[in-house]
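Enquirer: I have a structure I would like to understand better, so I am pasting it below and will then ask my questions one at a time.
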Amino acid sequence: MPLYMDIHKIDSDDFSVEEVAKAHWKDVSIQARFGVIQKKYWVNVENKTIFCLMEGPSKEACNNVHKESHGGTACNIIEVSDDEFNLFLGVGNKNENDLAQTPSGETDLGFRTLLMICTNDFTGKYKHYTNQIRRFIQHRNGTIILQPDDAIMVSFIYSTEALACAVSISDLLKSIPDNYEYKLALVTGKPVDEDSMNLFEDAKKRVQLLTNVGLKNTIYIDDSTKSLLDKEPASTSMNLKDFKIITGGDFTFLDKLFDILNSELHESDFKSDELYQSLGFSKSQAYRKIKSLTGMAPNTLIQELRLQQSLREIKKNNQTVAEIAYDLGFNSPTYFTRVFKKRFGLLPTTFLNISTN
């Protein structure tokens, strides 16, 4: 049968793990009538949130179990695959009441901190560093989620381990004396949101957004991760001043900014004035906001996103350099080559040879 996961938001002063356990066993007592099997549940008392994992014939059947047993219907329910579940939430156990627990026996809140690493080696000499990065991830109990490109996404139960892993990776990559760039971002999120359709949909979107528009050789952290770090004793030795912290409002702005830029990158005459208008900000407001979050002026950011996209397209090796240049809004392949070399220190064709060997 398909596997489903839901989210419940509880508005009650009596919310507790014990009360959730009672409701769970009411579900178990009638689940057979609906062809449903309750597998596991996660409880976050502070956020008054419950996530339930079930097998069943349909979303409706799973939700009807809750509705009939105690009336606590889900805010949202999504279908998940076994593979995806195991990567994000499979680490850990459950107690005799099916309550999810961490490997160390604590209540598993269901939240995960996602770390994303994007690298570009412009020398071709450091591919073996990927093995060292994987060792850092394993040492910090992270689970790697495969991505369609060279990026690495990792899921962690504890934010402190995610941050420690990110710092180790950053220290390793910063030690490279040659032409090498990386981006690191940490985002904490829920497995299911009220309007999501996929597991950790919002967290995955936000961590990818930060690696798309973030500064090179910088660790970005969202405010949810910072909040967890503040509560985890092991993080007291970490100075968060060394990292770029992004708030919820910043994400809203960056999301809109990236959507606009991503849709206009192929337009050679797209300039910052049009961007300000699309954002609904004055020139000075937009300039300050973009500069503070990305470290770049708007026109520089537009060109940087085009160049970063060109790196991804060159790695695919499906188009000529000229085709990539025109597709990304450069007026000529010659101009693109000149800008590319100035930014990355080598020709596009050289990068192609390095990436495909």
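Enquirer: What is the helix-to-structure angle for 159-174, meaning the angle in degrees between its Cα long axis and the longest Cα principal axis of the chain, kept from 0 to 90 and rounded to the nearest 10?
Expert: Here the helix axis deviates by roughly 20 degrees.
Enquirer: Given N residues in the stretch 1-63, what is its alpha carbon radius of gyration divided by 2.2 N^0.38 Å? Working shown, then result.
Expert: Numbers: Rg = 11.8 Å, N = 63, 2.2 N^0.38 = 10.6 Å.
Rg over 2.2 N^0.38 Å, computed on Cα atoms: 1.11.
Enquirer: Moving on. Which of 154, 209, 166 sits closest to the plus end of the dipole of the stretch 112-246, meaning its Cα is farthest towards the positive end, when Lys and Arg get +1 and Asp and Glu get -1 on the C-beta?
Expert: Final value for the positive-end residue is 166.
Enquirer: A follow-up question, please. Quick one: Debye curve from the C-alpha atoms of the stretch 174-282, no solvent, what's log10 I(q)/I(0) at q = 0.11, 0.20, 0.23 Å⁻¹?
Expert: -0.47, -1.15, -1.27
Enquirer: For Cα pairs less than 8 Å apart in space and 6+ apart in sequence, what is the mean separation divided by the residue count of the stretch 142-215, i.e. the relative contact order in percent?
Expert: On the way: 58 pairs, mean separation 13.9, N = 74.
Over the stretch 142-215, the number comes to 19 percent.
Enquirer: Label 7 Å along Cα→Cβ of residue 343; the stretch 269-299 residues with amide nitrogen under 16 Å?
Expert: 269-272, 294-299
Enquirer: Cross-link partners among lysines for residue 316, C-alpha distance below 30 Å, same-chain residues fewer than 8 apart left out?
Expert: Straight-line reach from residue 316, under 30 Å: 125, 127, 174, 183, 204, 205, 216, 256, 271, 341, 342.
Enquirer: Give the value in nm², to one decimal: projected area of the alpha carbon convex hull of the chain, averaged over all directions.
Expert: Values: hull surface 80.3 nm².
It is 20.1 nm².
Enquirer: Same structure, new question: If the stretch 254-356 were replaced by its equivalent ellipsoid, with semi-axes equal to the square roots of 5 times the Cα gyration tensor eigenvalues, what would those be, largest first, whole Å?
Expert: Working: eigenvalues 145, 35, 27 Å².
Output for the stretch 254-356: semi-axes of 27, 13, 12 Å.
Enquirer: List the relative contact order of the stretch 112-246 as a percent without decimals, with contacts defined as Cα pairs under 8 Å and 6+ residues apart. List each step's numbers first, then the result.
Expert: Values: 220 pairs, mean separation 38.1, N = 135.
It rounds to 28 percent for the stretch 112-246.
Enquirer: Reachable lysines from residue 94, Cα under 20 Å, same-chain residues fewer than 8 places away excluded?
Expert: 22, 26, 39, 40, 48, 190
Enquirer: With runs of 4+ DSSP H residues as the only contributors, calculate the mean residue ellipticity of the chain at 222 nm using -39,500 (n - 2.57) per run, divided by the residue total and rounded to the nearest 500. Provide the component values of the computation, followed by the final result.
Expert: Details: 14 runs with 166 residues, N = 357.
That calculation yields -14500 deg cm²/dmol at 222 nm.
Enquirer: Another question, if that's okay. Per 0.36 nm of contour for each residue apart, how much would the distance between residue 317 and residue 128 grow if the chain were fully extended, relative to their Cα-Cα spacing?
Expert: Details: separation 189, 0.36 × 189 = 68.04 nm, distance 2.18 nm.
This chain segment gains 65.9 nm when fully extended.
Enquirer: Under 8 Å for C-alpha pairs, at least 6 residues apart: give me the relative contact order for the stretch 1-135, rounded to a whole percent. Show your work: numbers first, answer last.
Expert: Details: 196 pairs, mean separation 38.0, N = 135.
Computed over the stretch 1-135, the figure is 28 percent.
Enquirer: Kindly put 49, 356 in sequence by how many other C-beta atoms sit within 10 Å of each C-beta, fewest to most. Mind dumping the intermediate values first?
Expert: Numbers: 49 20, 356 11.
The fewest-first ordering by Cβ neighbours comes to 356, 49.
Enquirer: Gain in length, residue 70 to residue 82, computed as 0.36 nm per residue apart minus the alpha-carbon separation, to one decimal in nm?
Expert: On the way: separation 12, 0.36 × 12 = 4.32 nm, distance 2.76 nm.
So the chain would gain 1.6 nm between residue 70 and residue 82.
Enquirer: When 1/r is averaged over all different Cα pairs and the result inverted, which Kirkwood radius in Å belongs to the stretch 112-246? Display every interim value, and only then the final one.
Expert: On the way: mean 1/r = 0.0666 Å⁻¹.
Result for the stretch 112-246, one decimal place: 15.0 Å.
Enquirer: What is the angle, in °, between the Cα long axis of helix 248-264 and the longest principal axis of the Cα atoms in the chain? Nearest 10 is fine, range 0 to 90.
Expert: 50
Enquirer: Once you have the Cα-Cα distance between residue 273 and residue 198, take 0.36 nm times their residue separation minus that, and quote the gain in nm to one decimal. Don't skip to the answer; put the middle values down first.
Expert: Working: separation 75, 0.36 × 75 = 27.00 nm, distance 3.60 nm.
So the chain would gain 23.4 nm between residue 273 and residue 198.
Enquirer: Taking 51 Å as R0, compute the FRET efficiency from the Cβ-Cβ separation of residue 28 and residue 352 and round it to 0.05. All intermediate terms of the calculation are to be shown ahead of the outcome.
Expert: On the way: r = 58 Å, r/R0 = 1.13.
It comes to 0.30.
Enquirer: Also: Could you tell me how many degrees, from 0 to 90 and to the nearest 10, lie between the Cα long axis of helix 59-69 and the main elongation axis, the longest principal axis, of the Cα atoms of the chain?
Expert: 40
Values quoted throughout were computed directly from the atomic coordinates according to the rules given, and no laboratory measurement underlies them. What you see is a predicted model, and the numbers here were worked out from it, not measured in a lab. A quick note on method: Cβ atoms are made from the backbone with ideal geometry, for glycine too, and the neighbour counts reach across all protein chains shown.
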